[in-house]
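I have placed the structure first, in the form of structure tokens, so that the comments after it can refer back to it.
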Amino acid sequence: QPRAAPTSPARCSQYHSISASLQPCLFLQAVFNALIPDHAADAFSPPRPGPRGPWDALVERLLGGLGRWDAEHFLFIAERGYLLEHNCAFLPLFPLSLRALAGLLPWPPQLQPRSRLLLSAALLNALLSVLAAAALLGLGRAVLRRRQEAFLAALLFSLSPASVFMAAAYSESMFAFLAFSAMWQLEKGQSWLSGLLFSLACGARANGMVNAGFFLYSRGKRFALQLQVGSASLRKLPVLWKQVLSLACSAALMCAGIFLPFALFQYYAYVRFCSPGVGLGQTIPEPLLQLAQDRGYRVAGTGGAKPPWCSQRFPVVYSYIQDTYWNVGFLRYFELRQIPNFLLALPVTLLGSWAAWTYVSTNPWHCLTLGLERSRSEERGKLRDGFCGPAAFVYVVHATALLVFGFFCMHVQVLTRFLGSSSPILYWFSAHLLQEHEPLLWSSTGTDNPTSGKGKSPSSCGKGTPDNPVVRLLLNWRLITPLSRGILGFFLAYWLLGLILHCNFFPWT
């Protein structure tokens, strides 16, 4: 029986470069958290009863920056469950994972639950960030079919403008890993594994439901191409109807499987907050009850009037919380006082819009036909590769839909991490621009053609210096083009500012 091929030295060096690029976040957030006093932010901050020992103080000093803003919700849910109504805006897969990891690892017994959960979050997200970058690398190779460009995109992910959220106790790293892995498996034809990963992603973030579009498009495109190849089947209506029915049933089952975690959580919230006489099985500390009373938080199992969403025909707590607690809705954020937040979202908005325009202007007919018509290049087996290739169409549509929805219907400042953890386009298009317009990268491919995609690699894994194109560009900052400086400046500035501001409770994306 033949052995599996070992990991190539080039691939091993690429994984080493990616993981090395992700390491400085934990160190720098600890430095900035120690040097800069925390801002007195009006954010959810539950009381922490009980004396804090030296171990807890050490954990807070080293990793406290990872527990700011929404991370407080995730850590609170992992410790106490969905005790407060507005906690239900955060889906359960990530806090459940934190709770499981905190219970399994042999932490010092002196540590309080929050310290264990914070340590678990740092370890889990460090691992998931590397795995997400590796999944993006595999997905980029499958879709772009340019190894150097896919590697450059994975390196840019490790310096993502949303890096602080990948390291903090947020669900972004988990969602990026599950979503990119699911897309990669779907490209490889592993539909059921891809469906499982998409379903898990939907248990981490609500926008995972949009990923059902990848399945629908994949099945629809396959059916359309079959009709074009076998035109004689159009005369056989019974056979055609069977194919359509099979396609519809398969798509419905897959979509139902993807939506299932979100639907089950809405049912859980309904039972927890709308059903009378449901006990909590735990004692609520008095300071927490006082906080809930002062802030107007609804506490589960304490009686009182039912929440308004319980009386809806389809009671969905998620949309109610977004509307009531955070005022999320169409054009609600379009106010003069929100101009600074729109400026924060401007770079990613321009980059996403530029990516969509570049793809549409390069492939107008392919976009008009939704990529369902078999082109001459496909018939000849000669497909265009790279970002502008036909395989990237559905990813461009997905990113554009998220961009439009986020810009008009969400708190616009979250757009950077929203796209950075959900779509590969932000990294693919940036890598495409660098690879196409930066002469310094052309020399690394051994040719003046920027599309050759054959990079150098060390002779053996762990020996020599991995060929890291991002490091090369940064070391030659004065020689690179203004476009390269703009792209890398955006990634690095948001990477650094996120660590400084977010970790000290200052407003950030």
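The values are calculated or read from the model by the stated rules, or taken from the named source; none is laboratory data. None of the values given here were measured: they were computed from a predicted structure. Cβ coordinates were reconstructed from backbone atoms using ideal geometry, including for glycine residues, and neighbour counts include every protein chain displayed. When the accessible area is computed, the model is the full protein with side chains, heavy atoms only, and any ligands, DNA or RNA have been set aside. Shrake-Rupley method; radii C 1.70, N 1.55, O 1.52, S 1.80 Å.
The table that follows gives values for the structure above.
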{"item": "Conditions (1) open to solvent by 80 Å² or more (accessible area, probe 1.4 Å); (2) more than 10 Å from N504 (Cα to Cα); (3) of a type outside the set (F, W, Y): number failed by A40", "result": "(2)"}
{"item": "Failed item in (1) modelled with pLDDT under 90; (2) part of a helix (DSSP H, G or I), with T302 passing the rest", "result": "(2)"}
{"item": "Neighbours by Cβ (under 8 Å, 6+ apart or cross-chain): first from segment 67-78, farther than 9 Å from A43 by Cα and at pLDDT 95 or above; second among the charged types (D, E, K, R) and open to solvent by 10 Å² or more (accessible area, probe 1.4 Å)", "result": "L75/R114; A78/R99"}
{"item": "Cross-chain or 6+ apart pairs with Cβ under 6 Å, segment 223-246 first and of a type outside the set (F, W, Y), then modelled with pLDDT of 65 or more and open to solvent by 40 Å² or more (accessible area, probe 1.4 Å)", "result": "A224/L372; L225/R374; Q228/R374; S233/V239"}
{"item": "Filter result (open to solvent by 30 Å² or more (accessible area, probe 1.4 Å) and in a helix (DSSP H, G or I)) within segment 192-220", "result": "W192, L193, L196, L200, M209, V210, G213, L216, Y217, S218, R219"}
{"item": "Selected residue [at pLDDT below 90, of a type in the set (S, T, N, Q), open to solvent by less than 20 Å² (accessible area, probe 1.4 Å) and more than 30 Å from D323 (Cα to Cα)] from T451, T445, T465", "result": "T445"}
{"item": "Some residue of segment 433-442 being touching a Phe, Trp or Tyr at 6+ places or on another chain (Cβ under 7 Å) and at pLDDT 95 or above", "result": "no"}
{"item": "Residues located in segment 158-191, provided they are closer than 13 Å to C25 by Cα and open to solvent by 20 Å² or more (accessible area, probe 1.4 Å)", "result": "L159"}
{"item": "Test result for L346, within 21 Å of the chain's Cα centre (by Cα) and surrounded by 16 or more Cβ atoms within 10 Å (Cβ to Cβ)", "result": "no"}
{"item": "Residue check, L264 open to solvent by 30 Å² or more (accessible area, probe 1.4 Å), under 30 Å from N87 (Cβ atoms) and either modelled with pLDDT of 90 or more or within 29 Å of the chain's Cα centre (by Cα) (or both)", "result": "yes"}
{"item": "Where Y82 falls short, out of the listed (1) in a loop (DSSP other than H, G, I, E, B); (2) open to solvent by 40 Å² or more (accessible area, probe 1.4 Å); (3) among the aromatic types (F, W, Y)", "result": "(2)"}
{"item": "Lone unmet requirement of (1) touching a helix residue (DSSP H, G or I) at 6+ places or on another chain (Cβ under 7 Å); (2) within 30 Å of P315 (Cα to Cα) for S120", "result": "(2)"}
{"item": "Residues within segment 472-489 that are in contact (Cβ under 8 Å) with a residue 12 or more places away in the chain, assigned to a helix (DSSP H, G or I) and surrounded by fewer than 19 Cβ atoms within 10 Å (Cβ to Cβ), tallied", "result": "3"}
{"item": "Top-ranked residue of segment 374-431 - restricted to ones that are part of a helix (DSSP H, G or I), modelled with pLDDT of 95 or more and among the hydroxyl-bearing types (S, T, Y), ranked as most open to solvent (accessible area, probe 1.4 Å)", "result": "T400"}
{"item": "Among the residues listed as A133, A126, the single one being within 24 Å of A493 (Cα to Cα), in contact (Cβ under 8 Å) with a residue 40 or more places away in the chain and crowded, with 23+ Cβ neighbours inside 10 Å", "result": "A133"}
{"item": "Test result for L96, without any contact (Cβ under 8 Å) to a residue 24 or more places away in the chain, out of contact with any Ser or Thr (no Cβ under 7 Å at 6 or more places or on another chain) and open to solvent by 20 Å² or more (accessible area, probe 1.4 Å)", "result": "yes"}
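For (1) part of a loop (DSSP other than H, G, I, E, B); (2) out of contact with any Cys (no Cβ under 8 Å at 6 or more places or on another chain), each residue gets a yes or a no:
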residue: L291; (1), (2): no, yes
residue: F314; (1), (2): yes, yes
residue: I321; (1), (2): no, no
residue: L351; (1), (2): no, yes
